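Read through the structure below, which is laid out as C-alpha cells, and then see the notes.
A short reminder: the numbers here are calculations on the coordinates, not readings from a lab. This one's a predicted model, so the numbers in the text were calculated from it and none came from an experiment. Note: ideal-geometry Cβ built from the backbone for every residue, glycine included; neighbour counts use all protein chains shown.
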Amino acid sequence: MPSSDLIVHRPEGLYCPPGDFYIDPWRPVSRAVITHAHSDHARMGSAHYLAHRDSEGTLRNRLGTDIDLQTLAYGEVIDHHGVRLSLHPAGHVLGSAQVRIEHGGQVWVASGDYKLEDDGTCTPFEPVRCHTFITESTFGLPIYRWPSQPTLFADINAWWAANAAAGKASVLYAYAFGKAQRLLHGVDASIGPIVVHGAVEPLNAVYRAAGVDLPPTLRVTDPGLTKADLKRALVLAPPSAAGTPWLKRFGEHSDAFASGWMLVRGARRRRGVDRGFVMSDHADWPSLQKAIGATGAERVIVTHGSTAVMVRWLREQGLDAQVFATEYGVDDNEDDAGAAPEPSSEPAPKAKA
C-alpha cells in the first residue's frame, strides 16, 4: 500500500503511522483506539485506551476497572501528533463508534462493526464522508436481509405468549452484550416476567446507567419468583448456558436463538433449538451497500466476513477495493460473526456462535 496511507496493517492490528496508535488491536500496544467493547475488538493488555464515553462501563467491566481509559463524545475532535481524530456513531451496540482520521488532506474512516437500523438502545449509525472507508463484511452476501424491528418483535412476542399460555418458559439465547439489551428493549414485557442469566444483568446495569429504557429483570434466585412465574417467563441467556444445570430450574420450556445466522438453512438445526429469530447487530447486504455509498469514498478496504464477495461487488461499482486480514470475529461469546458457515466458497471465520 502507498506509504501515505493513514491506516496500515501490522501484526498487532490496524495502525495509524502519523498518529502512532492502533484501532482495535488484537495484541497489546501503547495506544489503542477502541470502536466498541465486544472482546474481539477490545482486548486486554494495552497501555492506554481511547473510546466513546458510553463504552466506559463495559470496557472497565471487561478489561479491568483500572485501565488507562480516555473517552470522547461523538463528534468531539482531538489532535494527536497532528492527526485530527473523532468518533462517530456506528449503531452496533452501546458506545460503538466509527473512527475518523484526518491528516495531510486525507480523511479515513474505520467503521468497526455497524448496523443502520435504529434499535433504540444505542445512537444510530451516521455516515461520515471520507476518501477511504474501512468496512466490515460479516454478512456481506446478497442473501442476508434482515426483517424490520416491528416484524422481528411481533414474532418473538407471539412465540413467548403462546408458550406462556401453554405453561412453558421461553428460553431465548442471545449474546449478553448488545443483543440481550436489544431484546429487552423491544419485547412486550406485559406478557410475563423476564428472567436473565447472571452474565446478562451486569451489562443491563451499564445500559440503564446510560439512559437506555429496559424493563425490570429478575434473577432465577430472586425470592419473589414463583414456579408459576417461571412457567410464563421469558428467559434471556447467553449461548454458553445451553445444556447447563441452570436451565433445569425452568422445567419444561421452549428455546430459541437470536442471530443473523438464523437466516441460513440448517443453522437452527445445528443449534438444536425450537425456533430461530433473525436478528443481528451487523449490517445486512443492502445496508452495507447503502453505508459504503453514503461515505462517498473512492477507496474501500474490507475486513472480516465475506470479503471476497464484497470486494468483487465494490470493484464492479468502479471503486478501488481491497482486503485487510484481521482477527475480528474469532471470539467465542460475543456478537454473531462466525456463528455459522457462510454459503460461499470462502472459509467461515472461526468460533463465534
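Observations, loosely collected:
- Under the convention that each Lys and Arg Cβ holds +1 and each Asp and Glu Cβ holds -1, the size of the dipole of the range 184-339 around its Cα centre is about 580 debye.
- Euclidean distance between Cα centres, the range 243-313 to the range 49-72, Å: 26 Å
- Cα-based radius of gyration of the range 1-60 once divided by 2.2 N^0.38 Å, which approximates compact folds: 1.11
- Cα centroid of the range 154-177 to Cα centroid of the range 182-226, whole Å: 14 Å
- Helical content of the chain, expressed as a calculated mean residue ellipticity at 222 nm, amounts to -6000 deg cm²/dmol (DSSP H runs of 4 or more residues, -39,500 (n - 2.57) each, divided by residue number, nearest 500).
- Among Gln181, Ala237, Thr221 the positive-end extreme of the charge dipole of the range 149-277 (Cβ point charges): Ala237
- The residue list Thr121, Trp160, Phe133 was ranked by how far each Cα lies along the charge dipole of the range 110-190 toward its positive end, using unit charges on Cβ atoms, and Trp160 comes out on top.
- Arg249-Ala162 pseudo-label distance in nm [points 7 Å out on the Cα-to-Cβ vector]: 2.8 nm
- Compactness of the range 149-277 - radius of gyration and Dmax, Cα, Å: 13.7, 41
- The peptide list 122-131, 206-215, put in order of mean Cβ contacts within 10 Å with the highest first, becomes 122-131, 206-215.
- Rounded to two decimals, the Cα radius of gyration of the chain over 2.2 N^0.38 Å is 1.00.
- Kirkwood-type hydrodynamic radius, the range 208-281: 14.4 Å, calculated from all non-identical alpha-carbon pairs.
- Simple label model, 7 Å out from Cα along Cβ direction - Ser30 to Gln106, nm: 2.1 nm
- Protection proxy ranking of 223-231, 16-24, by the mean of other Cβ atoms within 10 Å over each peptide's residues and highest first, is 16-24, 223-231.
- Dipole of the chain [Lys/Arg +1, Asp/Glu -1 at C-beta], most positive-end residue of His80, His253, Pro142: His253
- Under a model in which nothing but the beta-carbon of Lys, Arg (+1) and Asp, Glu (-1) is charged, the range 149-275 shows a dipole of about 460 debye around its Cα centre.
- This ranking places Met279, Met262, Met44 by how few other beta-carbon atoms lie within 10 Å of each, fewest first, which gives Met44, Met262, Met279.
- For the chain, DSSP calls about 35 percent of its internal beta bridges antiparallel.
- The range 149-277 - percent relative contact order, Cα under 8 Å, separation 6 or more: 35 percent
- Charge dipole of the chain (Cα centre as origin; +1 on each Lys and Arg Cβ, -1 on each Asp and Glu Cβ, all else neutral): 1000 debye, rounded to the nearest 20.
- Arg145-Ala205 FRET efficiency (beta carbon distance; Förster radius 30 Å; 0.05 resolution): 0.35
- For the chain, relative contact order (Cα pairs under 8 Å, six or more residues apart, normalised by length) works out to 16 percent.
- Working ranking of peptides 162-170, 89-97, 238-246 by packing, defined as the average number of other Cβ atoms within 10 Å per residue, highest first, is 89-97, 162-170, 238-246.
- Fewest-first ranking of Trp313, Trp160, using other Cβ atoms within 10 Å as the exposure measure: Trp313, Trp160
- Ratio of Rg to Rh over the range 1-117 (Cα coordinates, Kirkwood Rh, two decimals): 0.94
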